[in-house]
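These notes concern the structure reproduced below.
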Amino acid sequence: MLKALLCNHNGVMFLFKKIIAALLAPLPLCILAMLLGLWLLCYTKRARSGKLLIVVGVVTLTLFSLTPVSNALLASLENQYPGYLHHPSENTRQIKHIVVLGGGHISDPAVPVTSQINATTLARLTEGVRLHRVTANSRLILSGGNVFDDKPEAETMQTIARLMSIDDSAMMLDTHSLDTKDQVLNIKTMVGRDDFILVTSASHMPRAMALFNKQGMSPIAAPTNHAVRQKDVLSPDDFFPNAHALRKSEKMIHEYLGILWAQLSGQI
């Protein structure tokens, strides 16, 4: 798969985006700042700059790892579209398609198929199945190609949907998309001008909606996989840096970088 990506311009750009997004995530970026600061402190005469970089790296990583901070940052994305909680209205009963965007998988035959997709994809698929069951005569469109894997993600999603008692006749697959941009273009050819319900993670929904709207499409947002949820009782994680909070900050940065890239490239 990697060789195929390197053989075409779109594939090279896709890899470039992935590498840049990985480097600009909070953990590697802060570690890089601290390592550079340590090098300046130990091996150059710019000790003050080195100390400053170390302090900035430590403070930034700590802030991104605090639950109140990461929740506030990620909520700016997740709260843009309300959850699709109720039964469809008379207007949406005519919806023909429930589009579910994949969020990652590894087709390892040594583990159950439910472990081959990540928690993000499983949450999206489960919500898509729920909406399919309350939307009469609808079909599921499962979207996800073989990104860094030999098997398209949509096929793995289909296998799990079968376990949820969804017939193949009620599903359509987009097995060629590498990223959200590809998904938008491929799904456009599948749904045409019809309205449809779009299922993806709440943090990913603003970018996905902007991309679909740019193509003149009219998706109905059904966000899921919310990472920020209100609770009445505080827990110790709320007061100490933790990996879960850092993961939320990483999601936020990833999505805003995706939005920025889409704006710069004219996709939205």
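The values are calculated or read from the model by the stated rules, or taken from the named source; none is laboratory data. A quick note: this is a predicted structure, and the numbers were derived from the prediction, not measured. Here Cβ is always computed from backbone atoms with ideal geometry, including for glycine, and neighbour counts include all displayed protein chains.
Brief remarks follow.
- Among the criteria (1) in contact with a Pro (Cβ under 7 Å, 6 or more places away or on another chain); (2) among the polar types (S, T, N, Q); (3) at pLDDT 95 or above, the one residue 135 does not fulfil is (3).
- Condition met for residue 201 (of a type in the set (Ser, Thr, Tyr) and at pLDDT 95 or above): yes
- Summed over segment 163-187, the residues that are farther than 24 Å from residue 136 by Cβ, of a type outside the set (A, V, I, L, M), without any contact (Cβ under 8 Å) to a residue 40 or more places away in the chain and assigned to a helix (DSSP H, G or I) give a count of 1.
- Residue in segment 137-155 that is of a type in the set (Phe, Trp, Tyr) and in contact with a strand residue (DSSP E or B) (Cβ under 7 Å, 6 or more places away or on another chain) present: no
- Residues satisfying the stated conditions in segment 215-249, i.e. in a helix (DSSP H, G or I) and surrounded by fewer than 20 Cβ atoms within 10 Å (Cβ to Cβ): 236, 237, 238, 243, 244, 247
- Leading residue by the ranking (surrounded by the most Cβ atoms within 10 Å (Cβ to Cβ)) among those in segment 145-162 that are assigned to a helix (DSSP H, G or I) and either in contact with a Lys or Arg (Cβ under 7 Å, 6 or more places away or on another chain) or among the β-branched types (Val, Ile, Thr) (or both): 156
- Where residue 116 falls short, out of the listed (1) of a type outside the set (Phe, Trp, Tyr); (2) in contact (Cβ under 8 Å) with a residue 60 or more places away in the chain; (3) farther than 25 Å from residue 85 by Cβ: (2)
- Residue match in segment 182-189 (condition: within 19 Å of residue 251 (Cβ to Cβ) and at pLDDT 95 or above): yes
- If you go through segment 163-178 and pick out every residue that is out of contact with any Lys or Arg (no Cβ under 7 Å at 6 or more places or on another chain) and either modelled with pLDDT of 95 or more or over 15 Å from residue 103 (Cβ atoms) (or both), you end up with 11.
- Checking each residue in segment 103-117 for being within 13 Å of residue 159 (Cβ to Cβ) and surrounded by 14 or more Cβ atoms within 10 Å (Cβ to Cβ) picks out 105, 107, 113, 116, 117.
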